[in-house]
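The values are calculated or read from the model by the stated rules, or taken from the named source; none is laboratory data. Computed from a predicted model, the values in this text were never measured in an experiment. Here the Cβ is made from the backbone with ideal geometry for all residues, glycine too, and neighbour counts use every protein chain on show.
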Amino acid sequence: MRVNIDRVADIVGLAAEFDWTGSKEDLGRFCEAARWTITESGPLGADIATDLDISCPEGYAFFGGGRLCYIAFEVSDLLSKEQSGDDALSQSLFDDLADRLFRELGDPDYGVRRTENSYFRWDLPKVVIFANCRSRYNSVRLVERQYQEKQDFIDKHIIGRRDEI
């Protein structure tokens, strides 16, 4: 299982400094700055080809209400179903990635490090950045602030989930 920690840190650093406006045009501007390619686009989202050296270097963007809501992309190889039982492998690479992101972004606002489904969240002025560890892969999500605020409200007041807010 591979993860290109330095390149992911570069992308996250770019996202942290990027001039996000929430418009759909942010996707094209961000992909151009990241040297990524939008491979397909529609009214609800887009597929993205990243330059990460992993088995599935793809991402996607979600649009809602005429705005860019988030960009999500895998940052590690996808483990086979047989390998996915070894959570230690995915977690070890995630720990290395998280440590690098701590140096890039500072301490996270929320998060937990555990044997499965670790995550960290940074609430920055123009973007919310999530790093997630799953049993078969690790991923990053770049979320537009207003969209995340709505999701947090739903989680807290409607669903009653308070563990990730």
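I'm trying to understand the selection: among the residues of segment 98-154, which are of a type in the set (A, V, I, L, M) and under 22 Å from Gly59 (Cα atoms)? Show your work before the answer.
So in segment 98-154, the residues of a type in the set (A, V, I, L, M) come out as 98, 101, 105, 112, 124, 127-129, 131, 140, 142-143, 154.
Residues satisfying the conditions are Ala98, Leu101, Leu105, Leu124, Val127, Val128, Ile129, Ala131, Val140, Leu142, Val143.
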Residues being within 12 Å of the chain's Cα centre (by Cα) and of a type in the set (D, E, K, R) - total across segment 59-77: 1
Among the residues listed as Asp47, Asp53, the single one being among the charged types (D, E, K, R), surrounded by 14 or more Cβ atoms within 10 Å (Cβ to Cβ) and out of contact with any helix residue (DSSP H, G or I) (no Cβ under 6 Å at 6 or more places or on another chain): Asp47
Restricting segment 65-105 to residues that are in a loop (DSSP other than H, G, I, E, B) and at pLDDT 85 or above, the residue that is surrounded by the most Cβ atoms within 10 Å (Cβ to Cβ): Val75
The one condition in (1) in a strand (DSSP E or B); (2) touching a residue at least 12 places away in the same chain (Cβ under 8 Å) that Trp20 fails to fulfil: (1)
Any hit, segment 62-71, residues being closer than 17 Å to Lys126 by Cα, touching a strand residue (DSSP E or B) at 6+ places or on another chain (Cβ under 9 Å) and among the aliphatic types (A, V, I, L, M): yes
Residue match in segment 17-36 (condition: touching a Phe, Trp or Tyr at 6+ places or on another chain (Cβ under 8 Å), closer than 20 Å to Asn132 by Cα and at pLDDT 95 or above): no
